[in-house]
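Data block below; observations after.
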Amino acid sequence: MEGSFTKAKGMEFPRRILAGHDALEGLPQMCQDFQLEGPALVVTGPTTMQVAGRTAADSLVEAGYDVHIIEIGPATMDAVATVKTAVLETSSGFLLGVGGGSKIDVAKLAACELARPFISVPTSAAHDGITSPRASIKGEEGNISFDAVVPMGVVADTSVIIKSPWRLLAAGCGDVIANLTAVLDWELAARLKGEEFSTSAATLAKMVATQIVDSADSIKPTLEESAWIMIKPILVSGVSMSIAGTSRPTSGSEHMFSHALDRIAPGRALHGEQCGIGTILFMALHGGDWQRIRHALEVIGAPTTAKQINITKEELIKAMTTAHKIRDRYTILGESGLTAEAAERLAKNTKII
Ligand SMILES: [Zn+2]
């Protein structure tokens, strides 16, 4: 037996997650408990500044921190460079990303590159990047995903998040529901290609996606509890990635389809909206219960047709037939992908077109 066991792996998680009503009030205490040394740099945007950036900054000032604020636009490498310069010029000891995905991604990558602690303060929940160790930055050919750090802390205030446009929350549900096909793809890759598989990560990712599908009827705009029902699955999706050490439990063929759409028809729809539609399509391809997924997305108010995400039949088919080339990740799309005929039939059968 000696020497037969060689497996080893590391897992990184956030140290604390505060979620729920008025969670933002706990931010200064969290920073103090982590013994973070100021100044603090709040990375936010013009809108999110009003929604939560100002409150976060004021509460840190009250707690005795020097605070600097930087407002940025979209998540680009330029924005990352601007934030890094600001960190160095202000000698900031830690960063807070206050906003939707882009502010968090930029702050996360800048913090990683400068080896500073990072706190994630989402003002919306449109995707599962809030707790993930990855940062999605806009490049010339669509978004590029970078390795970054897992946030040290996450503060998800449901009274803030419920005020974000409903479309964002509905998209977040799509991104979590995507775990259902991602896990099936991962199981397939484990069986066919011997890819390393984590049952605990897969079970967790699948469980939270099922929770969203099961509670679709109670996810409604205006109800703060809806933000609660969906924020937990989003946070746990991030945890499943930490356990797996890969995005496999939350990203499969449906994400490759969404990335293909980003290239073919950039800016038409939100990441989570595209992933939701991808989940309907490829759940059908896996022979699973796609009707239930479609129904849940419909009830939540997420798009379920190509028309609703402003893409033509041709663009849809192109994304479906090229999705397998997006990255070297084995999925139900196989090595050569779908033929145009098969893709069209699948899209029609699932009422996407
Ligand atoms: Zn996603």
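Using a 1.4 Å probe and ignoring any ligands, DNA or RNA, find the accessible area of ARG116 and quote it in Å² to the nearest 10.
60
Name the shape class, rounded, prolate or oblate, that the alpha-carbon gyration tensor gives for the stretch 119-177, where a ≥ b ≥ c are the square roots of its eigenvalues, rounded holds for a/c under 1.5, and otherwise prolate holds if a/b is larger than b/c and oblate otherwise.
Values: a/c = 2.18, a/b = 1.29, b/c = 1.70.
Cα axes put the stretch 119-177 in the oblate bin.
Over the stretch 203-279, calculate the relative contact order: mean separation of alpha carbon pairs under 8 Å at least 6 apart, over the residue count, as a percent.
On the way: 51 pairs, mean separation 20.1, N = 77.
Relative contact order of the stretch 203-279: 26 percent.
With the cut-off at 1.5 for a/c, could you classify the stretch 58-138 from its C-alpha gyration tensor as rounded, prolate or oblate?
On the way: a/c = 1.76, a/b = 1.26, b/c = 1.39.
Cα axes put the stretch 58-138 in the oblate bin.
Rank these by accessible area, largest first, 1.4 Å probe: THR279, THR55.
Accessible-area ranking of THR279, THR55, largest first: THR55, THR279.
Of the options VAL154, PHE94, THR312, report the single residue whose Cα projects farthest towards the positive end of the charge dipole of the chain (beta-carbon charges: Lys, Arg +1; Asp, Glu -1).
Sorting the options by dipole projection puts first THR312.
Measure up LYS108/LYS325; LYS193/LYS351; LYS318/LYS348; LYS138/LYS348; LYS138/LYS318; LYS220/LYS307 against 25 Å on the Cα-Cα distance and list the ones that go over. Don't skip to the answer; put the middle values down first.
Values: LYS108/LYS325 28 Å; LYS193/LYS351 32 Å; LYS318/LYS348 15 Å; LYS138/LYS348 32 Å; LYS138/LYS318 21 Å; LYS220/LYS307 23 Å.
With Cα atoms farther than 25 Å apart: LYS108/LYS325; LYS193/LYS351; LYS138/LYS348.
For the chain, take the longest principal axis of its alpha carbons; what is the angle in degrees between that and the long axis of helix 199-214, to the nearest 10 within 0 to 90?
80
Which order, highest average first, do 84-90, 318-324, 241-247 follow once you tally other Cβ atoms within 10 Å for each residue and take the mean per peptide?
On the way: 84-90: 15.6, 318-324: 23.3, 241-247: 19.7.
Taking the mean over residues of other Cβ atoms within 10 Å, the ranking is 318-324, 241-247, 84-90.
Round to the nearest 10 and give me the degree value, 0 to 90, for the angle of helix 253-264's Cα axis relative to the longest principal axis of the chain.
Computed tilt is about 80 degrees.
Around PHE146, which amide H atoms from residues at least 5 apart in sequence, or from another chain, sit under 5 Å from its own amide H, with H modelled in the peptide plane?
Hits under the 5 Å cutoff: ALA135, SER136, ILE137.
What accessible surface, in Å², does a 1.4 Å probe find on ASP289, ignoring ligands, DNA and RNA and rounding to the nearest 10?
So the heavy atoms of ASP289 present about 90 Å² to solvent.
Put TYR330, TYR65 in order of accessible area, largest first, 1.4 Å probe: what do you get? Intermediate results must be reported in sequence, preceding the final value.
Details: TYR330 45, TYR65 25 Å².
Ranked from most to least accessible, the order is TYR330, TYR65.
In debye, nearest 20: dipole of the chain around its Cα centre with unit charges on the Cβ of K, R (+) and D, E (-)? It would help to have the intermediate numbers written out before the result.
Working: 32 positive and 39 negative charges, 175 e Å.
So the dipole magnitude of the chain works out to roughly 840 debye.
Would you be so kind as to identify which of PRO165, PRO233, PRO221 lies farthest towards the positive end of the dipole of the stretch 148-236, taking Lys and Arg as +1 and Asp and Glu as -1 on Cβ and the Cα centre as origin?
PRO165
On a 0 to 90 degree scale, rounded to 10, what angle separates helix 313-322 from the longest Cα axis of the chain?
Result, in degrees: 80.
Got a sec to turn the phi values of the stretch 15-32 into Karplus ³J(HN,Hα) couplings, 6.51 cos²θ - 1.76 cosθ + 1.60 with θ = phi - 60°, whole Hz, x for Gly and Pro?
Those phi angles translate into 6, 8, 10, 9, 9, x, 4, 6, 4, 4, 4, x, 4, x, 4, 4, 5, 5 Hz.
For the stretch 194-309, give the magnitude of the charge dipole about the Cα centre (Cβ charges: +1 Lys/Arg, -1 Asp/Glu; no others), in debye to the nearest 20.
Numbers: 9 positive and 11 negative charges, 44 e Å.
Taking the Cα centre of the stretch 194-309 as origin, the dipole is about 220 debye.
Would you mind classifying the chain by shape? Square roots of the alpha carbon gyration tensor eigenvalues, ordered a ≥ b ≥ c; an a/c under 1.5 is rounded, otherwise it is prolate if a/b is larger than b/c and oblate if not. Write down the numbers at each step before the final one.
Details: a/c = 1.76, a/b = 1.50, b/c = 1.17.
Note, shape of the chain comes out prolate.
222 nm [θ] for the chain, helices only, -39500 (n - 2.57) per DSSP H run of 4+, per residue, to 500? Intermediate results must be reported in sequence, preceding the final value.
Numbers: 14 runs with 168 residues, N = 353.
One gets -15000 deg cm²/dmol as the mean residue ellipticity at 222 nm.
Can you tell me the relative contact order of the chain? Whole percent, Cα pairs under 8 Å, sequence separation 6 or more.
On the way: 737 pairs, mean separation 56.0, N = 353.
For the chain, the relative contact order is 16 percent.
Along the positive direction of the dipole of the chain (beta-carbon charges: Lys, Arg +1; Asp, Glu -1; about the Cα centre), which of ALA52, THR123, GLN32 reaches farthest?
THR123
Below 8 Å between Cα atoms, with a sequence gap of 6+, how large is the relative contact order for the stretch 233-353 in percent? List each step's numbers first, then the result.
Values: 140 pairs, mean separation 35.0, N = 121.
The normalised contact order for the stretch 233-353 reaches 29 percent.
Can you give me the accessible area per residue for the chain, using a 1.4 Å probe, in Å²?
43
Which whole-Hz couplings ³J(HN,Hα) result when phi for each residue of the stretch 267-276 is put into the Karplus expression 6.51 cos²θ - 1.76 cosθ + 1.60, θ = phi - 60°, listed in order with x for Gly and Pro?
Taking θ as phi minus 60°, the curve returns x, 7, 9, 7, 3, x, 5, 5, 5, x Hz for the stretch 267-276.
Just the number, please: carbon plus sulfur as a percent of the accessible area of the stretch 213-348, 1.4 Å probe, no ligands or DNA/RNA counted. Walk me through the numbers on the way to the answer.
Working: 2760 of 5510 Å².
Carbon with sulfur: 50 percent of the solvent-accessible area.
The values are calculated or read from the model by the stated rules, or taken from the named source; none is laboratory data. Keep in mind that this is a model prediction, so the values were computed, not measured. Heads up, the Cβs are rebuilt from the backbone with ideal geometry, glycines too, and the neighbour counts pull from every protein chain shown. We work out accessible area using only protein heavy atoms, side chains counted, and drop any ligands, DNA or RNA first. Shrake-Rupley method; radii C 1.70, N 1.55, O 1.52, S 1.80 Å.
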